[in-house]
């Protein structure tokens, strides 16, 4: 009989490595270890840990979603904490886009389940609309474009129904 090998988790080692890297970068002044900014790095590190967990074991594609969401949010929080929190007025749509990026990443790097594209596209469109609302010109352009696309979709459906009836 063969002995069953125990699978060892890489997560504890990765956590220690990441904490050590943050401390080393802080010692050399490459990271601002002020708590107002430091907490954002923990979110980024957690996202990286999830991604590394997937990279080391490709069968765990469920790690892609939380890793991508945490990385997206970590970047937004880090930029806001380091520069100006008032920028969050324009960046909040990334809280909708973070899961969209996660679904796209799960599709691209996972088993390519087409069902992942549905929420990815919906969240991207919704988040994109809110993000584009921050720009005055785009604010007035996208609604008529949606109306035109909707009319074209309805006309195409009507044409295909007429084709079916003519048969």
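See the values below:
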read-out	value
Sites residue 121 and residue 156 - FRET efficiency at Förster radius 25 Å, r taken between beta-carbons, to 0.05	0.85
Solution diffusion estimate, µm²/s, Stokes-Einstein, segment 50-117, Kirkwood Rh from C-alpha pairs, 20 °C, viscosity 1.002 mPa s	169
0 to 90° range, to nearest 10: angle between helix 94-109 axis and the chain longest Cα axis	90
Residues 142, 35, 51 arranged by fewest to most Cβ contacts within 10 Å	35, 142, 51
FRET efficiency, residue 34 to residue 134 (Cβ-Cβ, R0 35 Å, nearest 0.05)	0.75
Separation of the residue 11 and residue 85 label points, Cα + 7 Å toward Cβ, nm	3.1
Within a Gaussian network of the chain (alpha carbon springs, distance under 10 Å), most fluctuating of 60, 156, 111	156
Gain in span if fully extended, residue 114 to residue 92, counting 0.36 nm per residue against the direct Cα distance	5.2 nm
Over the chain, equivalent-ellipsoid semi-axes from the Cα gyration tensor in Å	41, 28, 7
Helix-derived mean residue ellipticity, 222 nm - over the chain, DSSP H n ≥ 4, -39500 (n - 2.57), to 500	-25500 deg cm²/dmol
Label-point gap, in nm, between residue 58 and residue 149 - each point 7 angstrom along Cα→Cβ	3.4
Residue exposure sequence - 82, 58 - by fewest surrounding Cβ within 10 Å	58, 82
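Values in this text are rule-based calculations from the coordinates and carry no lab data. Since the structure is predicted, the reported quantities are computational estimates derived from the model, not experimental observations. Here Cβ is always computed from backbone atoms with ideal geometry, including for glycine, and neighbour counts include all displayed protein chains.
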